[in-house]
Amino acid sequence: MTITRASIPLLAAALMAIGPRAAAQETALAVKVTAAETRAPLQGARVKIDGRNAAVTDAQGAARIAVRAGTHRVEVTAIGRRGFSDRVEVAAGETRAVDVALAPEAVRLDPVTATAEATPARSPMLQAFYDRVRSHSSGKFFTREYIARRNPQQFSDLLLDRTGMRWQYTRGGHRRLRFRTAVSGGGTRDCPPRYYINGVPFEVETVSPGDPSPDLWVHVDEIEGVEVYPQLPPIQYAGLGAGCGVILIWLREDARGTVPAAPNPPPPPPSPNP
């Protein structure tokens, strides 16, 4: 057959006429799945044809599956429903409707054993710390879980983790810490942060002027949590001295949820030889 430019429109029209007839001659099963008690369509029901997965019903509970002419086994299942199975005969060129109503059926689940450990009671102050952690307050937080994972050798190692702090060595060979952005008296200057241990102010540079390092007063194994605020600490800790930054230290509690006393101060370092 020779196709000329003039015959192209006639050929296209013929193909268009054949298309609907071919579609009409498709052999298929039109499955409709509903809930037996309400007749509402069931979405997500699985349809098998002759033991093979064939389709999943849509939001209207419908699925259309092309098949060969003949007899086919149709199986339909859905979670929490009694399954359907039957043989359906379909002729060549026929679309056979298969309406399936699935009745509810209790699903027997394997037994599940759950175990849990009791959460130790927390003091109100320590609970307030974890509440601020969950509410993503403006500070930098270090929980006991983070400290155990980080495993710092000394307290100041922890305070240098992305807190914007800098450090110098004291005459005793320990670190003294400063915020890089500390503001006091309207301008930036070198001034010590304000420390709190269990909510009580603790002036490191006053109690230990010869070696003003927090590493001499707090050990990382004693700590439950730390909050670091270069600025804008919680209102109850925003008093005098907060312009140089605030560091809140919460010590670990015993099983009764009581807060141990602040650590005893170490002996003063020996005076340097004149």
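Summary of values
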quantity	calculated
Thr113/Arg73 FRET efficiency (R0 51 Å; Cβ-Cβ; nearest 0.05)	0.80
Charge tally in the Cβ shell below 10 Å around Leu177, where Lys, Arg are +1 and Asp, Glu are -1, Leu177 excluded	+3
Paramagnetic label zone (point 7 Å from Cα along Cα-to-C-beta, Thr38; backbone N under 16 Å) in segment 82-96	82
Pair Gln168, Val88: separation of 7 Å Cα→Cβ label points (nm)	8.6 nm
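Every read-out reported here was derived from the displayed coordinates using simple, explicitly stated rules and does not represent laboratory data. From a predicted model like this one, the values you see are computed outputs, not experimental measurements. Positions of Cβ are generated from backbone atoms using ideal geometry, with glycine treated the same way; all protein chains shown enter the neighbour counts.
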